[in-house]
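Novice: Below is the structure I would like to discuss, written out as structure tokens.
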Amino acid sequence: MTVEATFARWRDRIEHQLDARLPSPSDAPRGLHQAMRYAVLGGGKRMRPLLVYASGRIFTADESALDAPAMAVELIHAYSLVHDDLPAMDDDALRRGRPTTHIAFDEATAILAGDALQTRAFSLLADAALPAQLRVDCLQTLAHASGAAGMCGGQALDIDATGHQQPLQDLERMHALKTGALIRAAVRMGALCGQAPAADLATLDTVASALGLAFQVRDDILDVEASSEQLGKTAGKDEAQAKSTFPALLGMDGAKAHLRTLTEQMFDGLAGYGEAADALRALARLAVERDH
């Protein structure tokens, strides 16, 4: 089976799993449940759950063992987008080519939907049919990546930096938390489910760190070069909000050169895994070559 066919199968699996693990829209409180489903099932690249499956494949993890970590990381990502779009944060009206959750519903419902998606993510892991220690390891990994030491901390740094350009070291640290932490968690949880040795966990963490930064550099480039129709969200917002970005700091040519360096780091790190890492390599390439 080709990598493309594998991705198509995994995406079908992800959509089915997400639909099954979210509350019914006809059950009370219906508005909350409908908003949760709206935020999660409205499309998206599904990069983070795909990374769980691709990382697990390197160590021949059973796909059924990867389902709960893959769904959990996607629910955390979805909650973060709902909250990120709120008026008090990035104040965006467009996400994945349609109105953001607080526009489609209302602000209070969007906040509650994000809260509920976050807690649902952890309940999925806690209830997963996995060995107890593996459940604890995955819970610890995702919790660390989601909180003040990870995604939330990175968002706070981003807010603090609005209006002035950070030096490269600070910019990379911010995005290593805001964007990279969940990507690293996805790769690590997949490897954990495959009982990867400590040395491989360390290697893949280095690869995932480069991937997380590369993903953000590409995001920053697309915010300048792509249209809102391509992105499915409002283009040009970084400049309009005086955000600290890689193109603003390095120039467009410098940002693209930095992206090439990060790409080389990813592929160098995966060189020793042979065909088993083909899916992870393809996702890395997708992250740096995507047009939306």
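Novice: Between 177, 165, 140, whose Cα lies farthest towards the positive end of the dipole of the chain when Lys and Arg beta carbons carry +1 and Asp and Glu beta carbons carry -1, centred on the Cα centre?
Specialist: Of the listed residues, the answer is 140.
Novice: Taking only the C-alpha atoms, wrap a convex hull around the chain and report its volume per residue in Å³ as a whole number.
Specialist: 120 Å³
Novice: Short version: ³J(HN,Hα) in whole Hz for each residue of region 159-171, in order, from phi by Karplus 6.51 cos²θ - 1.76 cosθ + 1.60 (θ = phi - 60°), x for Gly and Pro, what are they?
Specialist: Taking θ as phi minus 60°, the curve returns 4, 5, 8, 4, x, 8, 7, 7, x, 4, 4, 6, 5 Hz for region 159-171.
Novice: How big is the dipole moment of region 3-289 about its Cα centre under a simple scheme where the beta carbon of each Lys and Arg is +1, that of each Asp and Glu is -1, and everything else is neutral? Debye, nearest 20, please.
Specialist: Around 480 debye, computed over region 3-289.
Novice: Quote the Stokes-Einstein diffusion coefficient, in whole µm² s⁻¹, for region 94-206, based on the Kirkwood radius over alpha carbon pairs, a temperature of 4 °C and a viscosity of 1.567 mPa s.
Specialist: 81 µm²/s
Novice: Compute the relative contact order of region 13-93 as a whole-number percentage, counting only Cα pairs closer than 8 Å that sit 6 or more residues apart in sequence.
Specialist: Taking the mean separation of contacting Cα pairs over the length of region 13-93, I get 26 percent.
Novice: What FRET efficiency do you get for residue 27 and residue 136 if R0 is 45 Å and r is their Cβ-Cβ distance, rounded to the nearest 0.05?
Specialist: Result of the calculation: an efficiency of 0.90.
Novice: Hey, another quick one. Using θ = phi - 60° and the Karplus curve 6.51 cos²θ - 1.76 cosθ + 1.60, what whole-Hz ³J(HN,Hα) does each residue of region 247-257 get, with Gly and Pro shown as x?
Specialist: x, 5, 7, 9, x, 5, 5, x, 5, 5, 5
Novice: How big is the dipole moment of region 63-140 about its Cα centre under a simple scheme where the beta carbon of each Lys and Arg is +1, that of each Asp and Glu is -1, and everything else is neutral? Debye, nearest 20, please.
Specialist: About 200 debye.
Novice: Packing-wise, with mean Cβ within 10 Å as the measure, how do 173-182, 28-37 rank, highest first?
Specialist: Averaged packing, sorted descending, gives the order 173-182, 28-37.
Novice: For the chain, what's the relative contact order in percent, using C-alpha pairs closer than 8 Å and at least 6 residues apart?
Specialist: 21 percent
Novice: Another question, then. Can you count the Lys pairs in the chain with C-alpha separation below 20 Å, eight or more apart or on different chains?
Specialist: Taking the chain as the scope, the lysine pair count is 8.
Novice: Please identify which residues in region 17-50 have an amide N closer than 16 Å to a label point set 7 Å out from the Cα of residue 106, following the Cα→Cβ vector.
Specialist: 29-36
Novice: Rank-order 8-16, 54-62, 147-155 by packing density, defined as the average count of other C-beta atoms within 10 Å over each peptide's residues, highest first.
Specialist: Result, highest mean Cβ count within 10 Å first: 54-62, 147-155, 8-16.
Novice: Separate question: What is the fewest-to-most order of 267, 246, 105, 122 by other Cβ atoms lying within 10 Å of their Cβ?
Specialist: Ascending number of Cβ neighbours within 10 Å: 267, 122, 105, 246.
Novice: Under 5 Å between amide H atoms, partner at least 5 residues away or on a different chain: which partners does residue 98 have, H built in plane at 1.01 Å?
Specialist: Residues meeting the amide H criterion: none.
Novice: A further question on this structure: Order these peptides, 189-198, 64-73, by their mean beta-carbon neighbour count within 10 angstrom, highest first.
Specialist: 64-73, 189-198
Novice: What FRET efficiency comes out for the pair residue 126/residue 253, r = Cβ-Cβ distance, R0 = 45 Å, nearest 0.05?
Specialist: Working from the Cβ atoms, E equals 0.40.
Taken together, the values in this text are just the output of simple stated rules run on the coordinates, not laboratory data. In this text, all values refer to a predicted model and were calculated from it rather than measured experimentally. FYI the Cβ positions are ideal-geometry reconstructions off the backbone, even for glycines, and counts take in every protein chain you see.
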